[in-house]
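Asker: Before I ask anything, here is the structure I am working with.
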Amino acid sequence: MTEALGPGRRDRRPWLRLRSSNFGLHRLLLAQGGSFLGDGLVLAAFPLIAAFPLIAVHVSRTPAAVAGVGLAATLPQLLVALPAGLATDRAERRTTMARAAMLAAVALATLAVLLDSVPVGLAVLDLVTFVVGSAQVLIAATGSALLPQVVGSDGLERANAWLFSMQHAVGSLGGPPLAGVLVAVGLVAPMWTAAGCYALAAVVLASSGTAFHGSDAKRASSLRADVVEGLKLVVGHRQLRAFMATTAIANVASEGVLVVLVLYAVAPGPLELSGVGYGLLLSCFAVGGITGAAATKRLRRVGRGKLLAGSVLAIAVGLAGPGMLVDPYSAGLALAIAGFGVGCYNVTTVSFRQRVVPAAILGRATAAYRLVALGAVPLGAVLGGVSAKLLGLRGSFLAAGALTLLCLAGIAAVSEGALRSAES
């Protein structure tokens, strides 16, 4: 037997407690915001100290080399997703998030100390990247399972819109510019700041005595049985299966564009942008995502099936846009359109998943879903490099848009009536 405990249950053994209080949406958003900013700082600063994407462009401008960088950055999601789901359901969720955030903080602080004192090899940087990425996977999986217990079913669209908007605003818009400013101070400054962001998230999460459990910890079940239970639920659910497949396809197409976009945008590429201009171009996608997430609740009036189909079309047009447009402003608009579609799509599908999956198994179901949906990202990195080599940069963008249109086949069977029936 399983149970899902809400805000009324007190945790008698928190690993750290500053004071006892109710744990609400504002605390969850603050904690997630801290982790998003820390993640944004790491992703933006590591290229400057580890020959990641921005430096890789100067070392080798071949699509395969840049795609290899994107492939290396996606391993935590592929390897840690299922263990993260088990941890989400077997342990108290708020505490799990806090411990993951503190692990990331310690790893980044350790790297900062090493960078300031001894020569650091690529292996050390890769290890820290993997640890921080794994912590972020666990934070994201647990936060997604925790959200319905905090806000209830009726508040999911609003809460997810806030969450995705914050992720874009803090992680994509705030993190990279702040990292650039901090790097000017010193290479260790972004590491210390990111460690502080994760530490803040850990303190916020640990400062409440409210407990949010998934499965009953006393029940006897094997790890394998728990994993299979989550996989079966997702694969056996018609709408979740369709959303998982379409998300995976869209992620392959999106990653294929992102890993080679720098070659198209930065001089001597066709758009002839500087590094700053390239950052502004990427910010267009984030702005579109924020707008799309915020607009989802209003747009839902047309029906979620139509909204999802429109979102897929927007993503396809946006990804193909750079292949047809030759100026930075039009390319930025195309990326904003793609981001808008992603924002609408994510808020709609994630809210649906949180409604139809029981709280006790939501961590494992989310992990299985994300393993396929986000585990496809490395494939996108590889295909992006291959298609750019075979078709050219513009051809690879058009191919990504065409691939995204395949998602319409999965969305075609989804209607408002079918979604409401599944939720009931």
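The values are calculated or read from the model by the stated rules, or taken from the named source; none is laboratory data. Everything numeric in this text was worked out from a predicted model, so none of it was measured. In this analysis, Cβ positions are derived from the backbone assuming ideal geometry, glycine residues included, and neighbour counts consider all displayed protein chains. The accessibility values were calculated without ligands, DNA or RNA, using every heavy atom of the protein model including side chains. Shrake-Rupley method; radii C 1.70, N 1.55, O 1.52, S 1.80 Å.
Asker: Say whether the condition of being closer than 19 Å to Val347 by Cα and part of a helix (DSSP H, G or I) is met by at least one residue in region 126-138. Step through it out loud before you land on a result.
Answerer: Applying the first criterion (closer than 19 Å to Val347 by Cα) to region 126-138 yields 137.
Subsequent filtering for residues that are part of a helix (DSSP H, G or I) retains 137.
Yes, region 126-138 contains a residue that is closer than 19 Å to Val347 by Cα and part of a helix (DSSP H, G or I).
Asker: Could you list, in sequence order, all residues of region 236-248 that are in a helix (DSSP H, G or I) and under 18 Å from Ser351 (Cα atoms)?
Answerer: Going residue by residue through region 236-248, those that are in a helix (DSSP H, G or I) are 236, 238-248.
Listed by number, the residues that qualify are Arg238, Gln239, Leu240, Arg241, Ala242, Phe243, Met244, Ala245, Thr246, Thr247, Ala248.
Asker: For Gly305, indicate whether it is of a type outside the set (A, V, I, L, M, F, W, C) and under 24 Å from Gly380 (Cα atoms). Give the derivation first.
Answerer: On the way: of a type outside the set (A, V, I, L, M, F, W, C): yes; under 24 Å from Gly380 (Cα atoms): no.
No.
Asker: Got a number for residues in region 406-417 being part of a helix (DSSP H, G or I) and open to solvent by 30 Å² or more (accessible area, probe 1.4 Å)? Write out each step before concluding.
Answerer: Here is the first cut: in region 406-417, the residues part of a helix (DSSP H, G or I) are 407-411, 416-417.
Still in the running and open to solvent by 30 Å² or more (accessible area, probe 1.4 Å): 408-409, 416-417.
Looking only at that region, the number is 4.
Asker: Quick one: is Gly171 within 15 Å of the chain's Cα centre (by Cα), modelled with pLDDT of 80 or more and open to solvent by less than 40 Å² (accessible area, probe 1.4 Å)? So that I can check it myself, show each step before the final result.
Answerer: Working: within 15 Å of the chain's Cα centre (by Cα): yes; modelled with pLDDT of 80 or more: no; open to solvent by less than 40 Å² (accessible area, probe 1.4 Å): yes.
When the stated conditions are applied, Gly171 does not pass them.
Asker: Is it the case that region 134-149 has a residue that's over 19 Å from the mean Cα position of the chain (by Cα) and not basic (Lys, Arg)?
Answerer: Here is the first cut: in region 134-149, the residues over 19 Å from the mean Cα position of the chain (by Cα) are 149.
With the extra rule that they be not basic (Lys, Arg), the set shrinks to 149.
Within region 134-149, one or more residues are over 19 Å from the mean Cα position of the chain (by Cα) and not basic (Lys, Arg).
Asker: Of these, Ala109, Ala159, Ala135, which one is of a type outside the set (Ser, Thr, Tyr), over 24 Å from Gly363 (Cα atoms) and touching a residue at least 12 places away in the same chain (Cβ under 8 Å)?
Answerer: Details: Ala159 fails: over 24 Å from Gly363 (Cα atoms); Ala135 fails: over 24 Å from Gly363 (Cα atoms).
Being of a type outside the set (Ser, Thr, Tyr), over 24 Å from Gly363 (Cα atoms) and touching a residue at least 12 places away in the same chain (Cβ under 8 Å) holds for just one of Ala109, Ala159, Ala135, which is Ala109.
Asker: Which residue pairs have Cβ atoms closer than 7 Å, lie 6 or more positions apart in sequence or on different chains, and pair a first residue in region 172-196 that is assigned to a helix (DSSP H, G or I) and aliphatic (A, V, I, L, M) with a second residue that is modelled with pLDDT under 80 and open to solvent by 40 Å² or more (accessible area, probe 1.4 Å)?
Answerer: Close Cβ pairs (under 7 Å, with a partner that is modelled with pLDDT under 80 and open to solvent by 40 Å² or more (accessible area, probe 1.4 Å)) amount to Val183/Leu48; Val188/Leu115; Val188/Asp116; Met191/Leu115.
Asker: In addition: From the list Leu362, Leu398, Leu403, Leu383, which residue is within 21 Å of Ser144 (Cβ to Cβ), assigned to a helix (DSSP H, G or I), touching a residue at least 40 places away in the same chain (Cβ under 8 Å) and not β-branched (Val, Ile, Thr)?
Answerer: On the way: Leu398 fails: within 21 Å of Ser144 (Cβ to Cβ); Leu403 fails: within 21 Å of Ser144 (Cβ to Cβ); Leu383 fails: within 21 Å of Ser144 (Cβ to Cβ).
Only one candidate passes the filter, namely Leu362.
Asker: Determine which member of the set Gly385, Gly363, Gly332 is open to solvent by less than 10 Å² (accessible area, probe 1.4 Å) and over 19 Å from Ala267 (Cα atoms).
Answerer: Working: Gly385 fails: over 19 Å from Ala267 (Cα atoms); Gly332 fails: over 19 Å from Ala267 (Cα atoms).
Checking each option against the conditions leaves just Gly363.
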